[in-house]
Amino acid sequence: MAGRGLLRYGLPFVLTSLVAALTRDGRPNGNLPPIPAAPAMDAPSDTAVTSRNGTVIPPYNTTYYFEQLIDHNNPSLGTFQQRYWHTWENYEEGGPIILMTPGEVNAAGYTGYLTNRTINGRIAQQQNGATIVLEHRFYGLSNPYPDLSSQSFRVHTIEQAVQDLVYFAKNVKLPMPGGDAVTPDQAPWILIGGSYSGALTGWTMVDQPDVFYAGYASSAVVEAILDYWGYFEPIRQYMPRNCSADVEAVIAHMDQVFTSGTPSQIAALKAQFGMSNVTHLDDVAGALRNNLWDWQSLSPDTGPGAQFFQFCDALEVKNGVSAPATGWGLEHALQAWGSYFANVYYPILCGDADAEDCLGTYDQSQSYWTDTSIDNAGRSWEWIVCTEVGFLQDGAPPNWPTLVTRLVQPAYDERQCSYMFPEAFPTWPVPNVTATNAKYHGWNLQVDRLFFANGQRDPWREATVSADGVYVPSTPTQPIAVGDGYHCSDLIVANAEVDATVMNVQNEALGYMKTWLSQWKKP
């Protein structure tokens, strides 16, 4: 029986890939973008959990298994074991079932989303609900096949992920009192997600209506975008002005030297940033994106010592004095950024790895192109990037200010798709974002009782319904709440304790959930 009799206690949390990582944050290469996942939150494993009637129930890190279909278009292929975590500490009969998949990560570090430290648990607390965290197929230890090959990935699609959520809701027998009588035709289900899984929330509700009664989509990247240079726009808009001015100046200079400079000028600039032995100039210039990518890990409760702000301080604080809004100018910024990247940041990013190994992307013999071991989130996410969503984080068009080199364009990333999946892509693929947006409606997605929560400072904002220049109305049935937060900040209760705008987003969501659930009736 699905979901019954298969549990283990305290499985170790594996966040990073089993593939040898060259960067210290777990990426196999420093020119691969960080995964756009919601922030991890692990629940305490040594805390006793009791239900509202005082009964001691299994701890948050109890791992359950659900028999999920390998291929929803061909059920005869059988099932695989999909991991999930679950608590009913707040549940009372008639309450909602609150389901979240963290998306493109090993989900073992997300058990905190069962608790009231997150919006999931706050809704459960308010509405007497039970919470579930479900691991996405091909991430962590939830794999239809024993490897991450192109052959296995034939069933690694957004469509299959949508059907996973639906099949789980309709068939799981939750290991709680009455857990065999809470399917969507018997109880209201709420689907929650952040970033890609936030988009998956909207895509599921529009593609498979009448399964999930309500949804909460945080930083939901509903519009698939091939050339996603807009990733860096919120960073440019909200980072310190002096820092953005100097970053733009250095990047413009580097692009000019790398496209029309003399060999000696090019060699000197590479050496200034400690990348003399990085062969390809787009790899050298693209590596400087790492200082901007650090923005994605910020949250409202981040202090001034965060890596991103250390970077800006290195450029903008000279002899204890901060630069004016216009920055110190190219000469100082070039020297300061080069010294910081070569002497401070590179060891943080790559440790003692060779620069060509850590930052070069043209050597097809590197193991990360060919290693198909499971629990490699980067590889699994790259497949979806290469096939369905794009989100290639490249330089801005010529008529727009850019923090990132224009030497890195979509072809740079599409080449890497062919290196990683040569059997599927003997020639460079173009992710089919048009088909994705046609099927799931992108910015035009319309569905009842779906709450969108976005942050102004989120680098993924430009793929959400709150993107600049995109008008999506906020309505009582599909409200859009925007705070001053970063990526998925509104999912975490602690962020609301330091940012009133995030608290307002959470409170607005709780109000809508209360209203919507009061109207639920059995079909």
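Here are a few things to note about the model shown:
- Within the stretch 106-134, being assigned to a loop (DSSP other than H, G, I, E, B) and either closer than 27 Å to TRP516 by Cβ or open to solvent by 10 Å² or more (accessible area, probe 1.4 Å) (or both) holds for THR115, ASN116, ARG117, ASN128, GLY129.
- Looking only at the stretch 314-331, residues that are open to solvent by 20 Å² or more (accessible area, probe 1.4 Å) and not in a strand (DSSP E or B) come to 10 in all.
- Tally, over the stretch 357-387, of residues that are open to solvent by 20 Å² or more (accessible area, probe 1.4 Å), closer than 17 Å to ALA411 by Cα and under 15 Å from the mean Cα position of the chain (by Cα): 2
- Check on THR464, open to solvent by less than 10 Å² (accessible area, probe 1.4 Å), of a type in the set (S, T, N, Q) and in contact with a helix residue (DSSP H, G or I) (Cβ under 9 Å, 6 or more places away or on another chain): yes
- Against the numbered list (1) aromatic (Phe, Trp, Tyr); (2) open to solvent by 30 Å² or more (accessible area, probe 1.4 Å); (3) under 30 Å from SER367 (Cα atoms), PHE421 comes up short only at (2).
- Residues (over 28 Å from GLU462 (Cβ atoms) and in a helix (DSSP H, G or I)) located in the stretch 369-390: TRP369, THR370
- Selection status of ILE235, among the aliphatic types (A, V, I, L, M), assigned to a strand (DSSP E or B) and either open to solvent by less than 10 Å² (accessible area, probe 1.4 Å) or at pLDDT 95 or above (or both): no
- Among the residues listed as TYR196, TYR213, TYR167, the single one being among the aromatic types (Phe, Trp, Tyr) and in contact with a Leu (Cβ under 7 Å, 6 or more places away or on another chain): TYR167
- Within the stretch 135-164, the residues that satisfy the criterion of being hydroxyl-bearing (Ser, Thr, Tyr), part of a loop (DSSP other than H, G, I, E, B) and open to solvent by less than 30 Å² (accessible area, probe 1.4 Å) are SER149, SER150.
- Test: ASP25 is among the charged types (D, E, K, R), farther than 30 Å from TYR362 by Cα, at pLDDT below 95 and open to solvent by 50 Å² or more (accessible area, probe 1.4 Å): no
- The set of residues from the stretch 391-425 being outside any loop (DSSP other than H, G, I, E, B) and either within 23 Å of GLU223 (Cβ to Cβ) or not basic (Lys, Arg) (or both) comprises PHE391, LEU392, PRO410, ALA411, TYR412, ASP413, GLU414, GLN416, CYS417, SER418, TYR419, MET420.
- Flag if VAL284 is in contact with a Phe, Trp or Tyr (Cβ under 8 Å, 6 or more places away or on another chain) and either of a type outside the set (Lys, Arg) or modelled with pLDDT under 95 (or both): yes
- Test: TRP516 is out of contact with any helix residue (DSSP H, G or I) (no Cβ under 8 Å at 6 or more places or on another chain), modelled with pLDDT of 95 or more and assigned to a loop (DSSP other than H, G, I, E, B): no
- Failed criterion for PRO479 (all others in (1) open to solvent by less than 10 Å² (accessible area, probe 1.4 Å); (2) within 25 Å of THR515 (Cα to Cα); (3) within 15 Å of the chain's Cα centre (by Cα) hold): (3)
- Within the stretch 455-507, tally of residues that are in contact with a strand residue (DSSP E or B) (Cβ under 6 Å, 6 or more places away or on another chain) and free of Cβ contacts under 8 Å to residues at least 40 places away in the same chain: 9
Residue by residue, here is whether (1) closer than 23 Å to LEU392 by Cα; (2) assigned to a loop (DSSP other than H, G, I, E, B); (3) open to solvent by 10 Å² or more (accessible area, probe 1.4 Å) holds:
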position: GLN265; (1), (2), (3): no, no, yes
position: SER276; (1), (2), (3): no, yes, yes
position: ALA285; (1), (2), (3): yes, no, no
position: TRP295; (1), (2), (3): yes, no, no
position: ASP301; (1), (2), (3): no, yes, yes
position: PRO304; (1), (2), (3): no, yes, yes
position: CYS312; (1), (2), (3): no, no, no
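- Flag: LEU334 matches the condition of being open to solvent by 20 Å² or more (accessible area, probe 1.4 Å), closer than 27 Å to VAL247 by Cα and among the aliphatic types (A, V, I, L, M).
- The residues in the stretch 200-232 that are part of a helix (DSSP H, G or I), touching a residue at least 60 places away in the same chain (Cβ under 8 Å) and buried (at least 24 other Cβ atoms within 10 Å of the Cβ) can be counted, and the count is 7.
The values are calculated or read from the model by the stated rules, or taken from the named source; none is laboratory data. Computed from a prediction, not measured in an experiment: that's the story for all the values here. We place every Cβ from the backbone using ideal geometry, glycine too, and count neighbours over all the protein chains shown. These area figures cover heavy atoms from the full protein model, side chains too; ligands, DNA and RNA do not enter into them. Shrake-Rupley method; radii C 1.70, N 1.55, O 1.52, S 1.80 Å.
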